[in-house]
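J.: Encoded as structure tokens, here's the structure I'll be asking about.
Every number in this text was worked out from the coordinates using simple rules, so none of it is lab data. Everything numeric in this text was worked out from a predicted model, so none of it was measured. A quick note on method: Cβ atoms are made from the backbone with ideal geometry, for glycine too, and the neighbour counts reach across all protein chains shown.
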Amino acid sequence: MPNMTFAQAIKDAHVVEMERDPNIYVAGEDVGVFGGCFGVTAGLLEQFGEKRVKDTPITESAIVGTAVGAATVGLRPVIELMFVDFIGVALDQLYNQAGKMKYMFGGKAKIPMVMRASCGAGIGAAAQHSQCLEALFMHLPGLKVVMPSTPYDAKGLLIEAIRDDNPVVFLEHKMLYALEGEVPEGEYTISFGQADIKREGQDVTVVATANMVHTALSAAEKLAADGISVEVVDPRTLNPLDDESIIESVKKTHRLVIVHEEVKFAGSGAEIAALVAEKAFDYLDAPILRVAAPFCPVPFSQPLEQAYIPSEQQLIDAVKKVMA
Amino acid sequence: MDLTNEQIIKMYTTMVKIRTFENRVAELFADGKIPGFVHLYVGEEAVATGVCANLTDKDYITSTHRGHGHLIAKGGDIKLMMAELFGKKTGYCKGKGGSMHIADLDLGIMGANGIVGGGPPLASGAALACQYLGNDSVAVCFFGDGASNQGTTHEAMNLASCWKLPVVFINENNMYGISSCTRDSMCVPNVADRAVGYDIPGVVVDGNDVVAVCEAAAEGINRARQGKGPSLIECKTYRHRGHFEGDPCAYRDDAELEEWKEKDPIPRLEQKLLEMELLTDSKIEEIKSTLQKGLAGAEQFAEESPFPNVSELTEDVYT
């Protein structure tokens with residue numbers, strides 16, 4: 001199995017799908033010659049031409065909105081929002097139009113589109129180019145929300161997203177783009193709503209998303225040395241959310257810590273904590289803890305930015321607390 | 001363009017159909033049969049009618065919150081529309097959409113839209129699909145003077161021009177976005193003046209003259225079909241009723257309304273057709289009575305239809 005970076009795996013998913021289905025087009029700012037701000041779409045223009053790989057003006061509402069319109073009448077757009085923070089100028093087209101159309105029209109529409117977006121802190125890009133916003137999208141009926149953590153998952157989930165007949169938000173943490181891993185050649189899909197147990201354990205369940213999966217795996221390794229066995233559950237898709245796998249894990253370990261990079265207040269972890277409290281309260285031997293960013297914009301200065309991002313040590317401390 | 005007598009009479013009939021539908025909806029709303037918001041198209045019938053006379057089922061339209069006229073002109077079924085306005089299961093959207101969200105994708109109607117300026121990007125997207133698939137279909141975007149000031153409208157027009165998309169932007173300038181008059185909301189006299197900024201044709205037309213609308217739209221639509229890109233056609237018109245039913249219209253004076261009623265598109269065409277002897281009084285009566293019968297049938301269908309079952313509440317969110 002070849003090794004690929006996370007970015008290459010995402011590009012590979014595009015290639016596999018665009019070769020299969022001529023009605024898939026890619027559009028976004030600088031996705032053509034420039035290859036995308038993080039190089040994800042590099043080479044697609046050469047391979048598929050201008051008709052299918054469209055550089056757009058800086059016009060997020062129109063990038064999203066034309067995708068919604070085109071998807072409604074038969075195409076399968078895969079669009080790139082350079083930074084997820086930019087959804088602020090295009091949100092209406094995504095949540096009021098794409099997300100609600102099927103329901104508003106009594107079921108008689110399908111909107112097969114994927115909106116990819118980079119997200120997350122770590123490169124000093126500051127407040128308007130660094131946020132994680134998965135909870136925002138989770139809150140909007142009609143959308144699906146995907147957040148991969150490995151190259152393997154990224155490719156399989158993106159192919160699944162492109163084949164899905166609903167609008168899918170595909171969130172790519174920018175600190176993962178250079179991460180390498182084994183990725184099968186050709187096509188394969190990963191079903192939505194299927195969490196992946198990234199590490200099996202007995203004592204504590206840690207639900208982690210995107211780059212925090214790697215923080216959790218590293219923390220788990222260190223905690224193992226202290227005799228604490230951590231199970232790392234990666235939901236992979238936040239909507240649909242694999243309730244069952246999370247609950248099954250908690251029933252086994254009786255302890256839950258949730259770690260994500262977006263802010264803790266009303267973040268995706270709040271939903272997961274509520275889910276477990278509602279469905280598995282009696283199995284819990286300790287209160288649920290969340291490790292997440294503080295409630296402030298992402299800062300620029302390196303020491304501040306590093307303090308913003310949930311750390312391995314914070315996670316270790318939380319795990320030890322629920323074990324105490 | 002040379003319109004046949006048959007085409008002109010068909011347009012007249014469509015306008016009267018919209019008018020009778022809207023007037024009845026006003027009564028039904030006042031009687032409490034129709035809940036929510038309804039925004040009526042009375043006075044603006046020539047715009048939707050003149051434009052849609054150039055379209056087939058393979059062409060697309062995006063509509064607005066004031067969408068009933070567009071839907072009827074594009075061939076929408078008034079039975080299904082009325083049932084939807086009543087919130088009934090048999091309506092276009094199974095009662096889930098209501099007045100502002102009626103769609104019929106089989107007829108190319110991509111939906112009324114509750115968001116002012118929501119439609120233009122969707123229309124450009126449909127046009128992109130037409131261009132991409134290489135068919136000769138076009139998209140038409142109906143939008144109001146209010147929407148003309150939304151960023152989405154600018155983005156949709158700019159991108160459509162950059163990509164030479166087969167889309168025609170039909171601005172229905174009825175002078176008011178709820179209470180705000182274009183005198184205060186725009187700094188150019190015409191929405192069409194903005195076409196210069198996109199290097200596309202910008203045309204102003206009397207929106208209460210259905211033949212003039214039809215001819216101007218034909219030019220834009222043919223241009224789009226020929227791959228020459230978008231155009232912007234501004235139809236100057238007026239809504240006789242308030243922004244929504246129940247609006248006391250304190251922001252405009254009666255004299256203005258009366259002035260525009262003088263220019264009502266339906267009596268204007270009717271007079272012309274009588275003079276040209278294309279219609280007679282008895283033929284007009286026959287048209288109106290047939291439409292009334294259809295409308296009564298639609299109303300009865302809506303009245304007698306069941307409401308959706310509560311078990312359907314969370315259906316249709318995802319495919």
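J.: Note down the magnitude of the dipole of the protein assembly as shown about its Cα centre, charges +1 on Lys and Arg C-beta and -1 on Asp and Glu C-beta and zero elsewhere, to the nearest 20 debye.
T.: That gives a dipole near 260 debye.
J.: Something else: So the label point goes 7 Å from the Cα of A:Glu19 along Cα→C-beta, right? Which residues of segment A:28-58 then have their backbone N under 18 Å from it?
T.: Label zone hits: A:41-49, A:52-53.
J.: Quick one: if you take sqrt(5λ) for each eigenvalue of the C-alpha gyration tensor of segment A:123-267, what semi-axes come out, biggest first, whole angstrom?
T.: That gives 24, 18, 17 Å for the three semi-axes.
J.: About its Cα centre, how strong a charge dipole does segment A:196-323 have in debye, to the nearest 20, once Lys and Arg get +1 and Asp and Glu get -1 at the Cβ?
T.: 240
J.: Percent antiparallel among DSSP beta bridges with both residues in segment A:196-323, to the nearest 5?
T.: The answer is about 20 percent antiparallel.
J.: On a straight-distance basis, which lysines could pair with A:Lys51 in a cross-link, Cα separation under 18 angstrom, same-chain partners fewer than 8 positions away excluded?
T.: Within the straight-line limit of under 18 Å, A:Lys51 reaches these lysines: A:Lys11, B:Lys164, B:Lys228.
J.: Just to check I understand the Karplus step: with θ = phi - 60° and J = 6.51 cos²θ - 1.76 cosθ + 1.60, what whole-Hz values come out for segment A:192-207, glycine and proline as x?
T.: With the stated coefficients, segment A:192-207 comes to 6, x, 10, 5, 10, 7, 7, 8, 7, x, 10, 9, 9, 8, 10, 8 Hz.
J.: Listed highest first by mean packing, meaning other Cβ atoms within 10 Å per residue, what order do B:120-126, A:174-180, A:237-243, A:258-264 come in?
T.: B:120-126, A:258-264, A:237-243, A:174-180
J.: Here is a follow-up. Using a 10 angstrom cutoff on alpha carbons, build the Gaussian network for chain B and name the most mobile of B:Val188, B:Val38, B:Val168.
T.: Sorting by GNM fluctuation, first place goes to B:Val188.
J.: Something else: So what's the protein assembly as shown giving for Rg/Rh, alpha carbon basis, Kirkwood Rh from the mean inverse pair distance?
T.: That ratio is 1.05, to two decimals.
J.: In segment A:173-245, what is the volume of the convex hull around the alpha carbon atoms, normalised per residue and reported in Å³?
T.: Taking only Cα atoms, segment A:173-245 has a hull volume of 107 Å³ per residue.
J.: Continuing with the same structure: Determine Rg/Rh for chain A; Rg is computed over alpha-carbon atoms and Rh is the Kirkwood hydrodynamic estimate from the same atoms.
T.: 0.97
J.: What nm distance separates the two modelled labels at B:Thr4 and B:Lys58, each placed 7 Å from Cα along Cα→Cβ?
T.: My value for the distance between the label points is 1.9 nm.
J.: Let me ask something else about it. For chain B, what is the per residue volume of the convex hull drawn over the alpha-carbon atoms, in cubic angstrom?
T.: 133
J.: Please check which bits of segment A:247-291 a label hung off A:Gln202 would reach, taking the label as a point 7 Å along Cα-to-C-beta and the cut-off as backbone N under 14 Å.
T.: A:252-254
J.: Now for a different question. What is the dipole size for chain A, taken about its Cα centre, with +1 at each Lys and Arg Cβ and -1 at each Asp and Glu Cβ, in debye to the nearest 20?
T.: 620
J.: Relative contact order of chain A: what whole-number percent is it, with Cα pairs under 8 angstrom and at least 6 residues apart?
T.: Relative contact order comes out at 17 percent.
J.: So who's got an amide H within less than 5 Å of the one on B:Val140, skipping anything under 5 residues away but keeping other chains? H placed 1.01 Å off N, in plane.
T.: Under 5 Å from the amide H of B:Val140 lie the amide H atoms of B:Tyr60, B:Ile61, B:Thr62, B:Val168, each far enough along the sequence or on another chain.
J.: Please work out the Kirkwood hydrodynamic radius for segment A:3-182, using every pair of different C-alpha atoms, and report it in angstroms with one decimal place.
T.: Kirkwood hydrodynamic radius for segment A:3-182: 16.0 Å.
J.: Can you give me the relative contact order of segment A:196-323 as a percent, contacts being Cα pairs under 8 Å and 6 or more apart?
T.: In percent, rounded to a whole number, it is 28.
J.: Between B:Val203 and residues 5 or more places away or on another chain, which pairs have amide H atoms under 5 Å apart, with H built 1.01 Å from N, and which residues are they?
T.: B:Leu232, B:Ile233, B:Glu234
J.: Amide H to amide H under 5 Å from A:Thr205: which residues, 5+ apart in sequence or cross-chain, H placed 1.01 Å off N in plane?
T.: Result for A:Thr205 returns A:Glu231, A:Arg255, A:Leu256, A:Val257.
J.: In whole Hz, with x marking every Gly and Pro, tabulate ³J(HN,Hα) for segment B:138-146 from phi via Karplus 6.51 cos²θ - 1.76 cosθ + 1.60, θ = phi - 60°.
T.: With the stated coefficients, segment B:138-146 comes to 10, 10, 10, 10, 7, 8, x, 5, x Hz.
J.: First select every other residue whose beta carbon is under 11 angstrom from the beta carbon of B:Cys162; then total the charges, Lys and Arg +1, Asp and Glu -1.
T.: Overall, the nearby charge balance is -1.
J.: Take every Cα-Cα pair in segment B:146-191 and report what % of them are more than 15 Å apart.
T.: Summing the P(r) of segment B:146-191 above 15 Å gives 49 percent of all pairs.
J.: Between beta-carbons, use under 13 Å as the cut-off and find the net charge around A:Pro287, counting Lys and Arg +1, Asp and Glu -1.
T.: Charge balance near A:Pro287 sits at +2.
J.: OK, next. Only bridges whose two residues both fall in the protein assembly as shown count here: according to DSSP, what percent of them are antiparallel, nearest 5?
T.: So the antiparallel bridges amount to about 15 percent of the total.
J.: While we're looking at this one, here's another question. Pull up the DSSP beta bridges for chain A and report the antiparallel fraction as a percent, rounded to 5.
T.: The answer is about 20 percent antiparallel.
J.: With chain B treated as a Gaussian network of Cα nodes joined by springs under 10 Å, which of B:Cys93, B:Cys249, B:Cys52 yields the largest mean-square fluctuation?
T.: B:Cys249
J.: Given segment B:73-217, what whole percent of its Cα pairs are spread farther than 26 Å?
T.: 31
J.: Right, here's the next one. Take the alpha carbon atoms of segment B:9-124, find their radius of gyration, then divide it by 2.2 N^0.38 Å using N residues; give the quotient.
T.: The reported ratio for this selection is 0.98.
J.: Something else about it: From the residues A:Gly156, A:Gly49, B:Asn54, which one has its Cα farthest along the dipole of the protein assembly as shown in the positive direction, the dipole being from +1 and -1 charges on Cβ of Lys/Arg and Asp/Glu about the Cα centre?
T.: A:Gly156
J.: Sticking with this one: Based only on the alpha carbon positions, what is the Kirkwood hydrodynamic radius of segment A:216-303, in angstrom?
T.: Its Kirkwood hydrodynamic radius stands at 14.2 Å.
J.: Something else: For A:His129, what charge total do you get from the other residues with a beta carbon under 12 Å from its beta carbon, if Lys and Arg give +1 and Asp and Glu give -1?
T.: Result for the neighbourhood of A:His129: -1.
J.: Normalised by the number of residues in chain B, what is the relative contact order in percent for Cα pairs under 8 Å and 6+ residues apart?
T.: 22
J.: Pick out which of B:Pro265, B:Pro230, B:Pro35 has the largest mean-square fluctuation in a Gaussian network model of chain B, springs linking Cα atoms closer than 10 Å.
T.: Result for chain B, Cα springs under 10 Å: B:Pro35 fluctuates most.
J.: I need the phi-derived Karplus couplings for segment A:27-36: 6.51 cos²θ - 1.76 cosθ + 1.60, θ = phi - 60°, integer Hz, Gly and Pro marked x.
T.: 9, x, 7, 6, 7, x, 3, 5, x, x
J.: Mind checking B:286-294 for the average number of partner chain beta-carbons within 10 Å of each residue's beta-carbon?
T.: Per residue, the average neighbour count from other chains is 0.
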